[in-house]
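One structure below.
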Amino acid sequence: MGYSKSLFSGLVIRWATIKGMIDILYNYSEKLEYVDPQICESIKKALIESFERNCLKPHDFRHREIVSQRGEKTWIFPWKTPKNYHELVEDGNRFKHEIVERLKNYKHGAGHKADCKCPGDYKLKGFRRCPRKTVMPGGDKEEFQIRMVECSDCGQKFSLLPSFIPREKHFSIDIIGSVLRSIVLFGKSLNGAFESFEMCGRRLKSRQTLLNWLRWAGTFHPATLLERCGAQCQGYFQEDEGFEKEPGLRTYTVVMADPKTQLIWHMDYVDHVDEKNLCTSFEDFLQRINFNVKGITKDKWKPSTNALKSVFYKVWIGFCHLHYLKKLNKALASYQTETKCPWKQVNELASFTTTSHFLKTSAVL
């Protein structure tokens, strides 16, 4: 019905050709003789055994720990640069005098046996079997021997690592510190830090390495580190939340700093700056300090105000006037432009408005 005669003829010819090929293959299969040599039996037996071993029997999956479990038995002693380090570890008497004899001052109790009295006496026990291979500034990989010591009481062995070699990291502490400083202090994005890393002579495999470094550096809460260092705080803080300007990410940073010493006692990352998330963040900070929080200076973000009043008992809250003064100066400049009034009148208006605002917001909440 609409097909031309030539098209119909072509379809018939193609069908006949395909049918002929199928018939030929069928005739070949009929002529094949069944053979079952010994090799076929071996292959069949091997396939059955492999299926039973890999698919039918239960398996114990091994979980590979990313971080070594020898953390408690690895001590880090202060040694800023690799300069003279090789001479230090090769000279046993010098290493014992400058490093081992001072270990008793660190009071490192972890890693010993439960019944160890840990008098602080250690003796040298050679080197690690495998030296550390660390990428140094410039991109060259350098090899460092690691000394080991043994406790005189319980016999546990410890590795002594110089401070310029971070634990479980392929790069030196100078490289990692430079990258983290550019991200945390100077606001460089992850993409920017990843691309600029080639300047050190190496290229990172993925951006996940940067995230792992950030998590590794933030393993300990700032309050925990400051408490261990013996830092003192009078209980007064400045608190603020900031949005992290990172493409494709929505993260807020919550910070509490001592205005007198400029030490950061609390830093946390949250997805939202609502009252619930801020309460969780402040409660975590409260559990890590051994002093009372007496007063906090902050902006007028109400969820954070409510969270602070809920977590810290009878805390004094004072509002920071920075944002108010910036907006006031901007509004007065616009007012002077529109009215063409003298700046003396603008300054008097600013002084009156500022004084009224300070008197209004100076009450204790």
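Residues in the range 155-173 that are of a type in the set (D, E, K, R) and under 17 Å from the mean Cα position of the chain (by Cα): R167, E168, K169.
Of all residues being small (G, A, S) and at pLDDT 80 or above in the range 310-365, which is farthest from T297 (Cα to Cα)? Just the residue, please. Even if it seems obvious, please write down each step before you answer.
Here is the first cut: in the range 310-365, the residues small (G, A, S) are 310, 318, 331, 333-334, 350-351, 356, 362-363.
Within this subset, residues satisfying the condition of being at pLDDT 80 or above are 310, 318, 331, 333-334.
Values: S310: 16, G318: 5, A331: 25, A333: 28, S334: 29 Å.
Among those that are small (G, A, S) and at pLDDT 80 or above, it is S334.
When I296 is tested against (1) at pLDDT 85 or above; (2) assigned to a helix (DSSP H, G or I), exactly one condition is not met: (2). Just one of the numbered conditions (1) surrounded by fewer than 18 Cβ atoms within 10 Å (Cβ to Cβ); (2) under 24 Å from R94 (Cβ atoms) is not true of T134: (1).
A quick yes/no check of all residues on (1) of a type in the set (S, T, Y); (2) buried (at least 16 other Cβ atoms within 10 Å of the Cβ); (3) in a loop (DSSP other than H, G, I, E, B); (4) out of contact with any helix residue (DSSP H, G or I) (no Cβ under 8 Å at 6 or more places or on another chain):
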| residue | (1), (2), (3), (4) |
| --- | --- |
| C154 | no, no, yes, yes |
| N191 | no, no, no, yes |
| E195 | no, no, no, yes |
| E241 | no, yes, no, no |
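Between F158, F144, F194, F127, the distinction of being of a type in the set (F, W, Y) and not assigned by TED's automatic domain parsing to the domain that holds R102 belongs to F194 only. Can G111 be described as at pLDDT below 75 and surrounded by 12 or more Cβ atoms within 10 Å (Cβ to Cβ)? Yes. Of all residues in the range 156-172, how many are more than 30 Å from K113 (Cβ to Cβ) and surrounded by fewer than 16 Cβ atoms within 10 Å (Cβ to Cβ)? Matching residues across the range 156-172 total 1. Among all residues of the range 268-277, there is none that is surrounded by fewer than 18 Cβ atoms within 10 Å (Cβ to Cβ) and closer than 14 Å to Q238 by Cα. Comparison of L180, L185, L103 shows that the only residue that is surrounded by 16 or more Cβ atoms within 10 Å (Cβ to Cβ) and within 30 Å of E198 (Cα to Cα) is L180.
The values are calculated or read from the model by the stated rules, or taken from the named source; none is laboratory data. None of these values were measured; they are calculated from a predicted model. Cβ sites come from the backbone with ideal geometry, for glycine too, and all protein chains shown count toward neighbours.
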